[in-house]
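A quick write-up on the structure given underneath.
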Amino acid sequence: METCTYDLDHSAVAATHYYRAYEGDRVNLCLDCANRFGYPQYLVEYPRPWRPEFGYLVTVLNGEPSGDELPEIYPMDGNAAEFWLDLLGCKEVDYLLADAAWEPYRPHYSEHGGVTYEAQRVTCLPVVQVTRSVIV
Ligand SMILES: [Zn+2]
């Protein structure tokens with residue numbers, strides 16, 4: 001682990017950023033030092049460790065053969081799932097996502113106006129938001 005070399009009192013604190021000193025040496029900064037650093041444009045962020053996250057697979061079924069396979073393979077984070085379900089007319093977004101969280105890896109359904117909303121919670125790598133065009 002790289003530790004903060006910017007403040008000598010921080011020798012045990014993990015570094016989150018660094019910059020190159022004039023001689024080419026790396027100067028490591030912890031998050032606290034990085035936030036107070038006067039020239040943030042010279043700071044380079046160390047890659048953050050990743051950890052598994054929760055994602056939701058959200059599908060809307062309206063009786064038509066599904067032509068959109070993207071939602072079945074790309075999980076969204078909780079906020080995006082809530083946003084899309086609400087936008088697409090689901091009236092029980094909170095209940096649906098709560099059910100999905102309670103029992104992951106199983107599809108959960110909510111119906112409204114002849115449309116079925118399906119949500120399934122999965123564990124995934126950090127979610128990269130996919131921008132989709134939606135015809136409402
Ligand atoms: Zn520091």
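The values are calculated or read from the model by the stated rules, or taken from the named source; none is laboratory data. Small disclaimer: the values here were computed from a predicted structure and weren't measured. Cβ: placed from backbone, ideal geometry, glycine included. Neighbour counts: every protein chain shown.
Things to note:
- Of all positions in region 65-80, none carries a residue that is without any contact (Cβ under 8 Å) to a residue 24 or more places away in the chain, within 16 Å of the ligand (Cβ to nearest atom) and in a helix (DSSP H, G or I).
- For first residues located in region 82-109 and on the phi > 0 side of the Ramachandran plot, partners that are loosely packed, with under 15 Cβ neighbours inside 10 Å and assigned to a loop (DSSP other than H, G, I, E, B) and lie 6+ apart or on another chain with Cβ distances below 7 Å form the pairs Gly89/Gly113.
- Subset of region 41-58 that is surrounded by 13 or more Cβ atoms within 10 Å (Cβ to Cβ) and among the hydrophobic types (A, V, I, L, M, F, W, C) - its residue that is nearest to the ligand (Cβ to nearest atom): Leu43
Rundown of residues vs (1) in contact with a strand residue (DSSP E or B) (Cβ under 6 Å, 6 or more places away or on another chain); (2) more than 14 Å from the ligand (Cβ to nearest atom); (3) closer than 23 Å to Pro75 by Cα; (4) not assigned by TED's automatic domain parsing to the domain that holds Ala119, yes/no style:
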{"position": "Ala12", "(1), (2), (3), (4)": "no, no, no, yes"}
{"position": "Asn28", "(1), (2), (3), (4)": "yes, no, no, yes"}
{"position": "Tyr39", "(1), (2), (3), (4)": "no, yes, no, yes"}
{"position": "Gly63", "(1), (2), (3), (4)": "no, yes, yes, no"}
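- In region 17-38, the residues that are among the small types (Gly, Ala, Ser) form Cβ pairs under 8 Å with partners that are more than 10 Å from the ligand (Cβ to nearest atom) and in a helix (DSSP H, G or I), at six or more places apart or across chains, as follows: Ala34/Pro40.
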